[in-house]
Amino acid sequence: MTDHHVIFMPSGKRGRFATGTPVLTAARQLGVDLDSVCGGRGICSKCQVQPGEGSFPKLGVTVSPGALSEFNAVERRYDEKRGLKPGRRLGCQATVQGDVVIDVPPESQVHRQVVRKAASDKPIVMDPATRLHFVTVEEPDMDAPSGDLERLRDALESQWGLNGLEIALPLLRQVQPVLRAGNWQVTVAVNHDENRITALFPGLRETPLLGLAIDLGSTTIAAHLCDLSTGEVRASGGMMNPQIRFGEDLMSRVSYSMMNPGGDLEMTAAVRQALDALAVELATEAGIPSGDIVEAVIVCNPVMHHLLLGVDPVELGQSPFALATSDALRLAASDIGLTSIADGARVYVLPCIAGHVGADAAAVALAEAPDQADPLTLIVDVGTNAEIILGNRERLLACSSPTGPAFEGAQISAGQRAAPGAIERVQIDPVTKEPRFRVIGSELWSDEDGFAEATKASGITGICGSGIIEAVAEMRMAGIVDAKGLIGSPAQVGSSRLELDGRTHSYLLWEGDDRRIQVTQNDIRAIQLAKSALYAGARLLMDEAGVDTVDKITLAGAFGAHISPKHAMVLGMIPDADLTAVTSAGNAAGHGARIALCNRAARAHIEGLVRRIEKIETAVAPRFQEHFVAANAIPHATAPFPHLMA
Ligand code: FES
């Protein structure tokens, strides 16, 4: 029998196939990424391809007219009913008749690249765990009795090669009504990561399924609702973590659990309710039923992880900070209170790295991929507890450092969360010592026309984490604060903004009719303690790696996105580096959750990587204290900061 050259683009995969071979069959044999939901019945249109015309000298092929078969009855019926774009063919119906170059458009590829959500996001290649499979199921027969589920499984095996699929009880209850509603034709959502049926739909389901990528933080919960076939973000949203009422930071929540019998369960119930409500809210915003959500991926720190799972976090509050489990988890969504999404929906929780370095840090590692690059990269996720990763493709190290909540505006006299009205940027004139600032919600600086009008609604209510970092760094650069962190007197500094405040001085940043915002000596002290802890953690990892400098510094987290690298370095929060090598990764943990949601292989990758990461425990490392004390000075007592001098 004659055979022909078949070349698929853009992959360039090629082979020789006999006359009459369906394009979908040729694609499968060559491992070409061509989608199919209906299994070649000519009804889903996922297998659309575009045959080329004319000659392709570089490929050594000339496509002759009639290289693919004419429309058959199935393809003609599809075209008449639904319409194919000009030149497009159904790959499962068109057969090879001559040498041909076949283009697989992005929408027909399973592993297409996803549009980025933010500029800092790395592209995601789709490899979804959940895929749809349309099957025709044998009707029951008195002479050959077998269960509907068994016949459904037989159909999945014979038509898609899927065997041994698990199914949960709530979904088993749907098998009979769905099969009959679909007249024995049904679309099955299969989670291939778990070899499990997660949803059933009568007939052919053409609308995509959705998944949630959730970053469960101690202060806020952020989630993206994603299309599981394209990766497109259909809705995004966030809310405050309702556990805040039990304690602002992680350790106060652990204490609440220790002091109040059943307190952990109260916190578990609160966060589960919030997640379920957020799922419904995002589904409503996207205009889809929440039952279309068949998967969720969750990243969080270890305390949030345990409280979400209903595990008492008390062991995380005391040495040796043992996790109940550090492994990745695959759970029924209903097990963690996500009851408003699909009955068979599954949840994947990323693995934790160590007792204080959670699944959120693992997600940051997944998003930033330091293990796939040569430059030695220091990644800092700044929060109440800083999670720090250092390494490259050779070796990865991680630790956490107890920075406390000062970087989030807590423990600061005029501190507040980052919200409209909070001072977020500060500049101080080194000669006049006069400040100018910007508040969240306005693009204008305080000395620009229109500032009063622009901030009328929010007012000026306090100073947030990035604001206090800039204020202290600017005070140091303007000579208001010395290297030890002491605020000078009005006479020493030459400014009436310095005021005696007990036995120390404060710097007046702003004064309104009923509110004054100062930077006090205690504020400086709180920032010194926080930044020393952060620096000491980073330095400890550098000691372990045997280096004095790093090639790249990445500031992760929502807060990291707002820190000015220059001010962070002036303070000595981070080690010295070329300022152009200090970048923000935005919400890298949230992006890591999206990657794990859209790409099944990424789950196996991060599980392997976490096992490989060397965990350094700061609490028992003698050099941590040494580094901490030396880092109290601004920027540092002994370490040189040559890039600040430049
Ligand atoms: Fe469904 Fe071709 S595979 S139409």
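The values are calculated or read from the model by the stated rules, or taken from the named source; none is laboratory data. A quick note: this is a predicted structure, and the numbers were derived from the prediction, not measured. Every residue, glycine among them, receives a Cβ derived from its backbone with ideal geometry; neighbour counts consider all protein chains shown.
Points to keep in mind about this one:
- Residues (within 10 Å of the ligand (Cβ to nearest atom) and not in a loop (DSSP other than H, G, I, E, B)) located in region 39-52: Q48, V49
- Residue check, R623 farther than 30 Å from E424 by Cβ and of a type in the set (K, R): yes
- All of (1) more than 21 Å from E295 (Cβ to Cβ); (2) crowded, with 20+ Cβ neighbours inside 10 Å; (3) within 16 Å of the ligand (Cβ to nearest atom) hold for T136 with one exception: (2).
- Just one of the listed residues (R234, R245) is assigned to a strand (DSSP E or B) and of a type in the set (K, R), and it is R234.
- One residue alone among S36, S55 is assigned to a loop (DSSP other than H, G, I, E, B) and either at pLDDT below 90 or within 6 Å of the ligand (Cβ to nearest atom) (or both), and that residue is S36.
- In region 614-646, residue farthest from the chain's Cα centre (by Cα) [restricted to those that are within 30 Å of V349 (Cα to Cα) and surrounded by 21 or more Cβ atoms within 10 Å (Cβ to Cβ)]: T618
- All conditions but one from (1) more than 16 Å from the ligand (Cβ to nearest atom); (2) more than 30 Å from A561 (Cα to Cα); (3) in contact (Cβ under 8 Å) with a residue 12 or more places away in the chain; (4) in a loop (DSSP other than H, G, I, E, B) apply to V101; the one that does not is (4).
- Of all the criteria given as (1) assigned by TED's automatic domain parsing to the domain that holds F559; (2) in a strand (DSSP E or B), the one not satisfied by V426 is (1).
- Which listed residue, of P140, P177, P170, is in a helix (DSSP H, G or I), modelled with pLDDT under 95 and in the same structural domain as T198 (by TED's automatic domain parsing): P170
- Search result, residues across region 1-11 that are free of Cβ contacts under 8 Å to residues at least 24 places away in the same chain and either exposed (fewer than 13 other Cβ atoms within 10 Å of the Cβ) or assigned to a loop (DSSP other than H, G, I, E, B) (or both): M1, T2
- Unique match (being touching a Leu at 6+ places or on another chain (Cβ under 6 Å), among the charged types (D, E, K, R) and surrounded by 15 or more Cβ atoms within 10 Å (Cβ to Cβ)) among D249, D276, D264: D276
- Residue list for region 483-496, filter: in a loop (DSSP other than H, G, I, E, B) and farther than 21 Å from A526 by Cα: G494, S495, S496
- Looking across G203, G211, G147, G182, one residue alone is under 32 Å from the mean Cα position of the chain (by Cα) and of a type outside the set (D, E, K, R). It is G211.
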